[in-house]
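The values are calculated or read from the model by the stated rules, or taken from the named source; none is laboratory data. Computed from a predicted model, the values in this text were never measured in an experiment. Because the Cβ atoms are built from the backbone with ideal geometry, glycine has one as well, and the counts that use them run over all protein chains shown. The accessibility values were calculated without ligands, DNA or RNA, using every heavy atom of the protein model including side chains. Shrake-Rupley method; radii C 1.70, N 1.55, O 1.52, S 1.80 Å.
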Amino acid sequence: MSVRTLVVLAHPHLAASRINAALAATAAGTEGVTVHDLYAAWPDGRIDVAAEQQRLLAYDRVVLQFPFYWYSAPPLLKQWLDEVLTYGFAYGTGGTALHGRTLRVATSTGGGRDAYRPGGTNRFPVADLLLPFDATAHLTGMRYQEPFVVYGVLDMTDEQLAAEQARYRALLLAPAADGEGPGGVADAAAQDVVSEEGAPVAAGPAAAVV
């Protein structure tokens, strides 16, 4: 079964990005994957909610790709979640439109893996800091998949970046799991999310490279 994947890309400064721009290019060149750049689509922040909801219905998998901003996502992605995943569409009475699909986060951090662990600079694994996305998947009847995390991007070599691009492509090409896709049985509460252990992305100009 072929899987249709939507990568919802949220990077406020993609033209200045090295890591996320490379990952997005990899995704765009992968069969069955569409990259939707929120900052390019809605530069004024006025999101066409109906259009975004219809877009989601055309895909089996949704990947939210963004640089890790203060333990969360860039503001336009948060706005997109708030406005698009509405009552009656994504949750609540009659809100079953996304049931059976999968949701994954793909993110990059300025700090290395060791910074994201008990006793590290940021105290918690990245997967723990991303738990609101797990809760979002549960509420909307989607399967939450293990986050794809690229660590230590501020001093990443070209060879390391190429390896991460290959890892991302393999993830995007993974075959459908049992029950995956619209109409599949989604029980996000039963999914075990494997924590990836490892400083927020640097603010200011340094953040642009990710």
Please report the accessible area of His13 (heavy atoms, 1.4 Å probe, ligands and nucleic acids excluded) in Å², nearest 10. 100
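Once you have the Cα-Cα distance between Gln160 and Asp114, take 0.36 nm times their residue separation minus that, and quote the gain in nm to one decimal. Can you show the working numbers first?
On the way: separation 46, 0.36 × 46 = 16.56 nm, distance 1.70 nm.
Gain on extension, Gln160 to Asp114, equals 14.9 nm.
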Under a crude label model (7 Å from the Cα following the beta-carbon direction), how far is Ala41 from Leu131 in nanometres? 3.0
How large is the charge dipole for the stretch 56-116, taken about the Cα centre, if only the Cβ atoms of Lys, Arg (+1) and Asp, Glu (-1) carry charge, to the nearest 20 debye? 140
Where both residues lie in the stretch 47-190, what percent of DSSP beta bridges are antiparallel, nearest 5? 5
Heavy-atom accessible area of the stretch 1-131 with neighbours in place, 1.4 angstrom probe: carbon+sulfur share in percent works out to 54
Val35's amide H: which non-local residues (gap 5+, or another chain) put their own amide H closer than 5 Å, with H modeled 1.01 Å from N in plane and none for Pro or chain starts? Val7
Heavy-atom accessible area per residue - the stretch 43-176, 1.4 Å, Å²: 45
In percent, how large is the relative contact order of the stretch 1-93, given Cα pairs closer than 8 Å and 6 or more residues apart? 39
The stretch 1-65 and the stretch 133-170 have their Cα centres apart by a whole-number Å value of 14
Charge sum, other residues only, whose C-beta stays under 15 Å from Val35's C-beta, Lys/Arg counted +1 and Asp/Glu -1: +2
